[in-house]
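The values are calculated or read from the model by the stated rules, or taken from the named source; none is laboratory data. This is a predicted model, so every value here is computed, not measured. With ideal geometry, Cβ positions are generated from the backbone for all residues, glycine too; neighbour counts draw on all protein chains shown. We work out accessible area using only protein heavy atoms, side chains counted, and drop any ligands, DNA or RNA first. Shrake-Rupley method; radii C 1.70, N 1.55, O 1.52, S 1.80 Å.
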Amino acid sequence: MIEYVTGSEFIVLMIKIFVIFGGVMGALAYLSWLERKLMARVQMRPGPTRVGPFGLLQPIADGLKFLFKEDVIPTHSNRFLYIAAPIVSLVPALLSFSVIPFGPSLQITDLSVGLLFIFAVTSLGIYGIALGGWASNSKYPLMGAIRSSAQMISYELSLTLSVVGVLMIANTLSLAELVTAQQSTWLGIIPRWNIFLQPVAFVVYLVSAVAETNRLPFDLAESEQELVAGWHTEYSSMKFAMFMLAEYANVVTVSSLATIMFFGGWTGPMFGPALLQMALPTVWFLLKVSIFIFFYVLMRATVPRFRYDQLMRFGWKVLLPLSLANIVVTSFVVAIS
Amino acid sequence: MIPIGWYLILSAILFLIGVLGFFIKRNIIALLLSVEIMLNAVNLTFVAFSLQHGKISGQIFVFFVLVVAAAEAAVGLALVIAMFRNRESLNVDRSNLLKW
Amino acid sequence: MIQILFFFFAAIAVGAALNVLVQKHVLYSALSLILMLTAVSVLFILLQADFLAVINVIVYAGAIMVLFVFVIMLLNLPEDEDGADRLRWLKFIGIPLGLFFLVLVVTTLWNLEANPGTQPQLVGSPAAIGQSLFTDFVLPFEVTSLLILIALMGAVVFAKRDL
Amino acid sequence: MGAFDSLWLIPILPLIGATVNGVFGKRLPKNVIGTLAAGSVGLSFLISLRAFVAMLALPQTGLPILRDYFTWIQAGTFQAQFGLMLDQLSGLMILIVTGVGFLIHIYSIGYMSHEEGFYRYFSYLNLFVFFMLTLVLANNYLLMFVGWEGVGLCSYLLIGFWFSKKSAADAGKKAFVVNRVGDFGFILAIMLIYRTFERVDFQSVFSRVEDVSLFPVEPLGTVGVLTTICLLLFVGAAGKSAQFPLYVWLPDAMEGPTPVSALIHAATMVTAGVYMVARSAALYNHAPGALFVVAVVGVFTAIYAASIGLVQTDIKKVLAYSTVSQLGYMFLGCGAGVYAAGVFHLMTHAFFKALLFLGAGSVIHGMGGIQDIRQMGGLRRHMPWTYRTFLVGTLAIAGIPGLAGFFSKDAVLEAAWSHAAYGKLLWAVGVIAAGFTSFYMFRLLILTFYGAPRYSEHDVHHVHESPSSMVVPLIILAIFSIVAGYIDIPHFLTPASLETEREAVSSSTGILLTAASTTVALLGFALAYLFYVARPGLPDRLAARAHAMYSILVNKYYVDELYDAIIVWPIVQTSRELLWKVVDTLMIDGAVNAVGRLVRGSASGLKHMQSGYVRTYAGWILFGGVLVVAWFLR
């Protein structure tokens, strides 16, 4: 790990950071547009149309509006934590992009423990929600925060354990190596993706990931109907925007991880001129990630919310045993072959 | 390269801070936090010695310390909750029935 | 460069640890401790224990401390520790004792002959740790699983409403 | 060699019988238990017989036959094998043990048929046979000691068979304790043997002792290591074989069932001491001093016990003292250096004494439990077969010419006569003892079977002959009591028992000696006839006249009282006054209580460390931790 920090190719690194974070920030902004548009279409509405063609400039308008709105801080809130919470939420969410390989060379750094690094930083994201809820000194946010911490701890277990099966097959924790391990094919046509080897793990991962990102049907921390937007009830303007950004960043992160671990990352058919060949992996990667994001949005639009006890029971009594069983079976198979 | 002694001194300082927590704080959760500080200080020495001697076992011990810390936190916090239910307070000086 | 990093994160660790004691409210103490943990994890990286550094964050910061924060929020504690300290005298014994201990250790380490010998290269990779864990330390490893189980049951029993 | 390959079966078969009966006996029917017990011994007897016959066919150089089965103890240079040894001596012994044992098993089936602990009895009896065979067949002293202790155990168990009766339990305890004294000597002897010869197996020990340069013969009057070994061995033998002064347990042992008295306390176990002395002949031959002690103790016991037997009124007690006396004869033979004579007498005695005991048992059985000969009389008519066989036994033990006892007793007395130092004296005492024997045996016979019945029909309902399972063994034993004397045992045994060189008694002297002992035997008969048939009032008058002498005899020389006074009473008093009241109550209890008080006292002060405040505990821990660290970093 240390050699990356003290490495000599500092300029290249800076460029990569700039490209990736610039891209990611822009993408996150447009994710809000995408979600609004898609949700509207599902509900037979047009969605945003006023700002720019197809409402494409809507995110910029939203951003400006957030910047200029009055920043309200509730009187009896805990000022320091109230301000710190959105930052604590956003920073880890963005940190995980530093290890995600968007293409063969489009990766800021390839840590030998990259996957764990992502889990580590995303697990810190919980503090943003918890602190935000607590610092608001209001009962809905507090309840949302408590729910959220319990939920995150519970589902983090199955999330982490579901990955173990893949790790046992791939024999590495480095994300780049995970992708290259899936490059070849079976019988020349079927890509050697882990989804075919670890379907159970994939399902468990997907469900846990939805829960981890606090999205429907697991969004009990914010659930508008009962908790009035939960832990960010009291938040407004830029701080609220940061929470939103963090949430979208997390969605992208887990989608990217799913792509990398189960769907071969940036691998895909290569054709055309050399320049195109350089860009193609990134295109494949983004394509796969967008499919997941579509899936997320559609799920939000269609699936009703769990009850809290159902959520807990499902996490501990279904997902956890399932992922454990998956590990046992996988380890047997790996040991035999 | 940083001499191992520096790490050990740092860890001694952290450990001392953890110890002092017991003499300054009265909140039981704060005391548990002090224990965690001490455990981390010890972990630091383990890792430092592991590098110094080129043996992986030091890191394995850290692993076990983590497990013990997790168990300790789970049981300890459960006790904290039980204690709070009974006494409406987390002041350890109020829970002194277990004596001679 | 490494020296700077070391001193920077060492300072953060010590400062955060002190802050744990100074803060009046346990939530701040807990948050401060998370900061200290992260700093210690960085120090682990400096010590070439990458895997442990990440695990330390996941387990400590991501799980154990969340549990603490959760409990603190659940109990929704008042800020002040109530009443006068009945055991005030403890400070006058404990703090000098502790400082004496520190002086003892530091002077000993200070007087230690600096060992210029080459440090063996050792990277705490997951594979190496796993290898050791499942061969030399397999029995303790299994015992810890038992420990976890017992802690699990203990926590459930203690936290039951009608204890 | 097929006959010898099954040597191990001889002791093992009774052990199997004992185990099966002991474990499952409670659920088995009585006839199965009896068949199993008697059958295993009978089978063992057949195997023994086969081995014995096969052994006779071998040349002298092929003996002894040794079989090592496994290494039993291995510690440093010390080694003890589990091995068996068969030669003429042990061959003869196994035949006696299994043969007489078999007959007594058969007898017991009838005798014990109404007993509650039927299976227990046979389990013990079989176990006894196993241990006895181990004792006899062992090829080293240590294994012999195992058998030695085992038979002691079984003897204890069987004497106390009716353990709910206090006198029986006490008798068993007494036998056990007195035997311990002897066993102590034996085990010391084994240790000394190992120290001297660095081996415990017979072959090595005896071959080493033959080396005269290392182990010269220790002349009479000197006490060297060999003499010490032999004396210690004899202490063991005296305990087991009831020699003076360790004989006291045997009369009390009559509390056990009568077949047990016959098998263990007459025919086999008590002769183990004689066997051991004969087995150790090679050692004794190098220690004439020890041998002389054996002879003197033997002859003294013979006359001493016989004199007590003169006045006993319990049918079994008479036989018990007779046994002690006859054992004295055997030791006299061995002590005179003619081991073969001792063993010869051992064999004939096994037959006729077993016969007499079983006959006595039959009488007791028929009388419904009465043992006092003063209440018997005239049983001849009611129990014809018992009477006949008892008569044969009496004639045999009295030494009437033509029966077994005559030959063997003659051999012993002849050996005594030819003893180098005090042969004539030993002989004279032995002859007087023979006269006593003849007298009390005929007295017993006459009082029991002749004259008018002295019991009332009120006490004894129906005097009857015993069942055939009891009578048949009697008859077989009676036959042996007649013919056993014609087997030339001394000549047969000579190679095995290493006779000392001695001048043979000239034939004319031999005839004179025989005539003397025969005369004495007839004299004893005549006196008995005079006292109890011709002039029935005479005994009482004599008893009144020589009152002091009579009471001494009746009270068995007050030996039990003497032992009580000088051994038992002091021990009991020290235990009570010193060990209990001072050592136990004051010192041990006091120490325990003082520890308790100390803990409580110190705790009342120290408990205040336990303040209940977690943080003070942490303070203590820190204090201790700093102390430890300071110690290491000092």
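The table below gives the values:
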| quantity | calculated |
| --- | --- |
| Solvent exposure of chain B as accessible area per residue, Å², 1.4 Å probe | 34 Å² |
| Average beta-carbon neighbours from other chains, 10 Å sphere, peptide B:88-98 | 5 |
| Average partner coverage of A:155-167, which counts Cβ from other chains inside 10 Å | 1 |
| Whole-Hz ³J(HN,Hα) from phi, Karplus 6.51 cos²θ - 1.76 cosθ + 1.60, for region D:324-335, glycine and proline x | 4, 4, 5, 5, x, 4, 4, 5, 4, x, 5, x |
| Shielding by other protein chains, A:130-138, mean Cβ within 10 Å | 2 |
| Whole-percent carbon and sulfur share, accessible surface of the protein assembly as shown, 1.4 Å | 71 percent |
| Volume per residue of the C-alpha convex hull in chain C, rounded to whole Å³ | 192 Å³ |
| Cα-based helix-to-principal-axis angle, A:58-68 vs chain A, degrees rounded to 10 | 50 degrees |
| In Hz, Karplus ³J(HN,Hα) per residue of region D:439-450 (6.51, -1.76, 1.60; θ = phi - 60°; x = Gly, Pro) | 4, 5, 5, 5, 4, 4, 4, 5, 4, 7, 9, 9 |
| Which of A:MET278, A:MET143, D:MET191 is most accessible, then next, and so on - probe 1.4 Å | A:MET278, D:MET191, A:MET143 |
| Helical mean residue ellipticity (222 nm; -39500 (n - 2.57) per DSSP H run of 4+; nearest 500) of chain A | -22500 deg cm²/dmol |
| Alpha-carbon centroids, region C:1-70 and region D:361-439: separation in whole Å | 106 Å |
| Alpha-carbon centroids, region D:248-322 and region D:572-634: separation in whole Å | 59 Å |
| Pairwise centroid distance, computed over Cα atoms, of region A:117-147 with region B:1-49, Å | 27 Å |
| Rounded accessible area per residue of chain D, 1.4 Å, Å² | 41 Å² |
| Relative contact order (%) - criterion: Cα under 8 Å, at least six apart; region: chain D | 12 percent |
| Under the span-like rule (Cα at least 24 Å along the axis, Kyte-Doolittle mean at least 1.0), DSSP H helices of chain C | C:2-22, C:26-46, C:88-111, C:138-159 |
| Area accessible to solvent at A:THR282, 1.4 Å probe radius, in Å² | 30 Å² |
| Farthest toward positive dipole pole in chain B [+1 Lys/Arg, -1 Asp/Glu at C-beta], among B:MET83, B:VAL62, B:LEU10 | B:MET83 |
| Label-reachable residues, region D:430-453, where backbone N falls under 20 Å from a point 7 Å from D:ILE511's Cα toward its Cβ | none |
| Rounded if a/c under 1.5, otherwise prolate or oblate - region A:233-327, Cα gyration tensor axes | oblate |
| Relative packing of D:522-530, D:148-156, A:128-136, which averages over residues the other C-beta atoms within 10 Å, highest first | A:128-136, D:148-156, D:522-530 |
| Computed label-point distance, nm, for sites A:TYR308 and D:VAL599 using a 7 Å Cα→Cβ extension | 5.2 nm |
| Table column - 3J(HN,Hα) (Hz), region C:52-64, Karplus curve with 6.51, -1.76, 1.60, x for Gly and Pro | 5, 4, 5, 4, 4, 5, 4, 6, 6, 5, x, 10, 5 |
| Kirkwood Rh in Å, taken over all unlike Cα pairs in region C:123-163 | 12.1 Å |
| 0 to 90° range, to nearest 10: angle between helix B:4-24 axis and chain B longest Cα axis | 10 degrees |
| Lysines with Cα under 26 Å of A:LYS16, excluding same-chain neighbours fewer than 8 positions away | A:LYS288 |
| Cα gyration tensor shape for region C:1-80, rounded if a/c is under 1.5, else prolate or oblate | oblate |
| 27 Å Cα-Cα threshold exceeded, pairs from D:LYS240/D:LYS353; B:LYS99/C:LYS24; D:LYS240/D:LYS316; D:LYS165/D:LYS316; D:LYS240/D:LYS556; D:LYS174/D:LYS424 | B:LYS99/C:LYS24; D:LYS174/D:LYS424 |
| D:ASP68 accessible area, assembled protein chains, probe 1.4 Å, Å² | 90 Å² |
| Rounded tilt (10° steps) of A:114-135 against the dominant C-alpha axis of chain A | 10 degrees |
| Largest to smallest accessible area among D:TRP631, B:TRP6, D:TRP8 [probe 1.4 Å] | D:TRP631, D:TRP8, B:TRP6 |
